[in-house]
Each structure stands twice: as structure tokens, then as C-alpha cells.
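See structure below.
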Amino acid sequence: MRRESYVTSTTIAELERTLSPRDRALVTTLDDLRVATTEQLRRLHFANLSETAAARQAAKVLQRLHAAGVL
């Protein structure tokens, strides 16, 4: 079982500094919808890329946000 770590104001400030506008938009979308597939998020936030590149980028960004504890 994964133990949740304590989130400090310093951690939040660091995350705010490192999140890109697209990262923030993804988080906002998930906050609004609560649940979305990677495909839905790809179509919403990676539409400016080719389908192949968008699929890779979406997976990579979502994995990074999850690893950082944002998602």
C-alpha cells in the first residue's frame, strides 16, 4: 500500500513554479470532470500535435503529473 506524503506549502509553491500552462489546464479539466480517459485529454489538450505525437506526449505528461503527486 502506498503511503501518502504530507504536502507542504513549499511543495505546492515548487509545483506551481514547474507546471506549464498545459499542465494546469489538464489539472483543471480533471478537477472539473473528475474522470477522463487519456484519449479524451489528448483530444482536448494535445490537438496541435499529430495523432502519434499527441498520444506519446499525453501519456508522458500524465505519467509525470502522476509521479509528481499532482494527479
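Residue by residue, here is whether (1) open to solvent by 50 Å² or more (accessible area, probe 1.4 Å); (2) not polar (S, T, N, Q) holds:
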position	(1), (2)
5	yes, no
28	yes, no
35	yes, yes
41	no, yes
51	yes, yes
58	no, yes
61	no, yes
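Each residue in the range 13-25 was checked for being part of a helix (DSSP H, G or I) and either surrounded by fewer than 15 Cβ atoms within 10 Å (Cβ to Cβ) or among the basic types (Lys, Arg) (or both), and 9 of them qualify. Evaluating residue 50 against the criteria (1) over 22 Å from residue 5 (Cα atoms); (2) of a type in the set (Gly, Ala, Ser); (3) touching a helix residue (DSSP H, G or I) at 6+ places or on another chain (Cβ under 9 Å) leaves one unmet condition, (3). Against the criterion of being open to solvent by less than 90 Å² (accessible area, probe 1.4 Å) and outside any helix (DSSP H, G or I), residue 70 qualifies.
Out of the range 26-55, which residues are among the hydroxyl-bearing types (Ser, Thr, Tyr), under 16 Å from residue 71 (Cβ atoms) and not in a helix (DSSP H, G or I)? Correct list: 37 only. Here residue 45 meets each of (1) open to solvent by less than 70 Å² (accessible area, probe 1.4 Å); (2) in contact with a His (Cβ under 9 Å, 6 or more places away or on another chain) with one exception, condition (2).
The values are calculated or read from the model by the stated rules, or taken from the named source; none is laboratory data. All of these numbers come straight from a predicted model, not from anything done at the bench. Counting neighbours? That spans all protein chains shown, and the Cβs are built from the backbone with ideal geometry, glycine included. Only protein heavy atoms, including side chains, enter the accessible area calculation; ligands, DNA and RNA are left aside. Shrake-Rupley method; radii C 1.70, N 1.55, O 1.52, S 1.80 Å.
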